[in-house]
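Trainee: Pasting in a structure now, in structure tokens, and then I'll have a few things to ask.
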Amino acid sequence: TNAGIDAARGEYIIFLNNDCEVLSPYWISLLQQLWDMTPNAGVVGPSIEDAYNGQFCAFYCAMTSRAVIDRIGKLDEAFESGGEDIDFCRRAQRAGFQIRGGESVYDEHGERKYGIHFPVIHQGETTVMEDPQFEVKRERSHALLRERYPRFSLIIPTYNHLDLLKRCLTSVIAHTDL
């Protein structure tokens with residue numbers, strides 16, 4: 001993907017998985033419309049999800065700009081099987097950019113505010129699941145995300161009572177999914 005980013009000449013970069021089917025000639029203009037209505041846009045796409053203490057657009061179909069990539073960098077190739085889209089969006093958010101999905105254009109009653117419907121069908125992870133190492137690679141990618149974007153940080157103030165600290169840490173280790 002980064003080789004494609006390097007070769008791309010456009011102001012905007014669109015990611016589209018090979019297991020997607022485009023159903024309308026207006027799909028790019030719909031992405032552009034969503035970008036234009038998003039102040040300080042970083043990434044937009046048909047849908048938005050919550051993960052690792054932030055939001056992301058899955059890169060099966062998503063758009064960013066050359067300016068965003070120049071500011072936060074390309075996709076991190078340490079992610080072997082998924083997670084690079086989450087990482088990219090989290091870095092964009094930390095840099096002050098907005099992440100927006102097509103469903104975010106609904107009002108509080110569930111009515112479409114702008115009439116956007118993305119005519120792209122995503123088949124799922126059929127291509128990556130053919131890799132016999134898929135589960136191992138996916139777990140390594142998720143471990144990297146957990147390391148970079150922890151949901152919780154535990155701080156234990158200690159005042160010269162190491163016996164209490166030892167008991168505290170032992171209980172934390174015994175009752176925490178690390």
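The values are calculated or read from the model by the stated rules, or taken from the named source; none is laboratory data. In this text, all values refer to a predicted model and were calculated from it rather than measured experimentally. Ideal geometry is used to build each Cβ from the backbone, glycine not excepted, and the neighbour counts take in all protein chains shown. Side chains included, ligands, DNA and RNA excluded: accessible areas come from the protein's heavy atoms. Shrake-Rupley method; radii C 1.70, N 1.55, O 1.52, S 1.80 Å.
Trainee: With the Cα gyration tensor of the range 1-104 in hand, convert its eigenvalues to equivalent ellipsoid semi-axes via √(5λ) and list them largest first in whole Å.
Mentor: 18, 16, 15
Trainee: Per-residue accessible area for HIS161 at 1.4 Å probe radius, Å² rounded to 10?
Mentor: 100 Å²
Trainee: Same structure, new question: Once ligands and nucleic acids are excluded and a 1.4 Å probe is used, how much of ILE72 is accessible, expressed in Å² to the nearest 10?
Mentor: Estimated to the nearest 10 Å², ILE72 gives 30 Å².
Trainee: Another question, then. Using a Förster distance of 41 Å, how high is the FRET efficiency between ARG140 and ASN40, based on the Cβ-Cβ distance and rounded to 0.05?
Mentor: After rounding, the FRET efficiency stands at 0.80.
Trainee: Using a simple charge model, +1 on the beta-carbon of Lys and Arg, -1 on the beta-carbon of Asp and Glu, nothing else, what dipole does the range 1-65 show about its Cα centre, in debye to the nearest 20?
Mentor: For the range 1-65, the charge dipole is close to 140 debye.
Trainee: Go through ARG91, ARG140 and list them by solvent-accessible area, largest first, probe radius 1.4 Å.
Mentor: ARG140, ARG91
Trainee: Given points 7 Å out from each Cα along the Cα-Cβ axis, report the LEU23 to ASP6 separation in nanometres with one decimal.
Mentor: Label at LEU23, label at ASP6, 3.7 nm between them.
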